[in-house]
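The values are calculated or read from the model by the stated rules, or taken from the named source; none is laboratory data. Since the model is a prediction, treat every value here as computed from it, not as a measurement. FYI the Cβ positions are ideal-geometry reconstructions off the backbone, even for glycines, and counts take in every protein chain you see. Just the protein is used for accessible areas: all its heavy atoms, side chains included, with ligands, DNA and RNA removed. Shrake-Rupley method; radii C 1.70, N 1.55, O 1.52, S 1.80 Å.
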Amino acid sequence: MKKIVVLVSGNGSNLQCIIEAVRNRQIRNTEIAAVMADRPCYALKRAEAAGLQTFLLPRGTAFSENLEKILPKDTALLVLAGFLSILSAGFCEKFPGKIINIHPALLPKFGGKGMWGEKVHKAVLESGEKQSGLTIHFVTAGIDEGSIIAQATCAVQEGETLDTLAKKVHALEHQLYPKIIDNLLNNNTP
Ligand code: GRF
């Protein structure tokens, strides 16, 4: 069995989809070795309810160092799912191609420091873009700069609100993230 570790900070709806996809073998031959958070959050409760091993590591400069100490050596993929801390450059460089993130817009637009949560959707709406979506990408030292693995798009319609856009993007995320995790772990092309 391949081992993945999921990093979370928030609601954990993507984590929930990953848990279910591992259970129903949409993500094949894989177990979630642990769920780790940088703050108390609902995602941790979801992980506990699923009987997974959880860790709460303090936020701040030592986060990456502490993570490295407890990360199982045979972790095949580190999956960021609504994780809000920035992993150190040194940490990212030790695991090239093994850390992935999901971002709620079409990178390289609407990414970078401070672009998370509602702020992303707000920027998309204010820009007048006709399309938004999500990006799954490798994590490198530069925030939201790692190479893009997959994207999915949705239309930004007349009268679109923060709430409706966030819901649409979330629904796309829930479909695509488990598929891409399975592809990466089991060597399929997306
Ligand atoms: C998602 O929109 C993801 O793109 C972003 O954070 C959000 C996490 O949502 N990185 P959830 O915690 O999985 O519900």
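General remarks:
- Taking segment 6-40 as the range and being closer than 17 Å to Leu71 by Cβ, over 11 Å from the mean Cα position of the chain (by Cα) and not in a loop (DSSP other than H, G, I, E, B) as the test, the residues that pass are Thr30, Glu31, Ile32, Ala33, Ala34, Val35, Met36, Ala37.
- For segment 89-111, a residue qualifies if it is open to solvent by 30 Å² or more (accessible area, probe 1.4 Å) and more than 16 Å from the ligand (Cβ to nearest atom), and the qualifying residues are Ala89, Gly90, Glu93, Lys94, Phe95, Pro96, Gly97, Lys98.
- The condition of being away from the ligand (no atom under 12 Å from the Cβ) and over 14 Å from Ile102 (Cβ atoms) holds for only one of Leu165, Leu185, that being Leu185.
- Matching residues, segment 132-168, being under 21 Å from Lys179 (Cβ atoms), of a type in the set (S, T, N, Q) and either surrounded by 17 or more Cβ atoms within 10 Å (Cβ to Cβ) or touching a residue at least 24 places away in the same chain (Cβ under 8 Å) (or both): Ser132, Thr135, Gln151, Thr153
- Count - residues of segment 112-132 that are touching a Lys or Arg at 6+ places or on another chain (Cβ under 9 Å), more than 13 Å from the ligand (Cβ to nearest atom) and not hydrophobic (A, V, I, L, M, F, W, C): 2
- Condition check for Thr135: closer than 19 Å to Leu78 by Cβ and either in contact with a Lys or Arg (Cβ under 9 Å, 6 or more places away or on another chain) or within 14 Å of the ligand (Cβ to nearest atom) (or both): yes
- Screening Leu56 on (1) within 16 Å of the ligand (Cβ to nearest atom); (2) open to solvent by 40 Å² or more (accessible area, probe 1.4 Å); (3) within 25 Å of Gly112 (Cβ to Cβ); (4) not basic (Lys, Arg) shows it passes everything except condition (3).
- Enumeration of residues in segment 126-153 that are over 23 Å from Asn11 (Cα atoms) and hydrophobic (A, V, I, L, M, F, W, C): Ala141, Ile148, Ile149
- Checking every residue in segment 32-43 against the condition of being over 24 Å from Ser147 (Cβ atoms), within 11 Å of the ligand (Cβ to nearest atom) and surrounded by 21 or more Cβ atoms within 10 Å (Cβ to Cβ) gives at least one match.
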